[in-house]
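Here the structure comes first, spelled out in structure tokens, and everything after it is commentary.
The values are calculated or read from the model by the stated rules, or taken from the named source; none is laboratory data. In this text the structure is predicted, and so the values were computed from the model without any measurement. Here Cβ is always computed from backbone atoms with ideal geometry, including for glycine, and neighbour counts include all displayed protein chains.
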Amino acid sequence: MAYTTKKSLLEAIRSGDEISWLEFYETYRPLIVARGRDYHLNSAEIDELVQCVMLRFFDRSRTFVYDRSKGKFRDYLGTIIYRCALNIIRGRRKNEIGYEELELMDETDARERWLEEWRQHTLFQAMTLLKLQVGESTFQAFELYAVKGEPPARVAKFLNVSVSAVYVAKHRAVIKLRKIVRQLQEE
């Protein structure tokens, strides 16, 4: 998937571009699924949540104009996910476990969990983009050393490179990763 800013992606969706819809779906589905798990939805309800969120967004896409001064896109999407999840839970029979749970959830805790999931989502996107922007051996060295915590000598031996090459790969990857994360956060 090519890097597309949310603003340009949203504009493409607004114009009816089907490829942008697919990119939007593939980008945000994992985040919606994660939130569904946070709300203790079962797998059928999570599928319903994804469908509800996408349908709501689709219904509003023709008139939706992203205006950063009104707030962040993550907050807008988070509100849609929350409302759809709440409707699913309300649809359960009242005597089922979990009916009251979402409404009684501590708002601060829910907000913190949402922000953490958004950060993880952003990091996943950034790592995917980083992999496309650096060479395979650079990415492998970075991932093994910086992400998985393997000792540099072990990484160097595994990749058949010098230890200093592992350090250089990490350094270069971190610089690029920070830039990618900043771009994603600015959207």
Subset of the stretch 119-137, residues small (Gly, Ala, Ser) and over 20 Å from Ile32 (Cβ atoms), comes to Gly135, Ser137
Which of the residues belonging to the stretch 127-163 are of a type in the set (S, T, N, Q) and under 19 Å from Arg182 (Cα atoms)?
Thr128, Gln133
What's the number of the condition His40 fails, among (1) in a helix (DSSP H, G or I); (2) modelled with pLDDT of 80 or more?
(1)
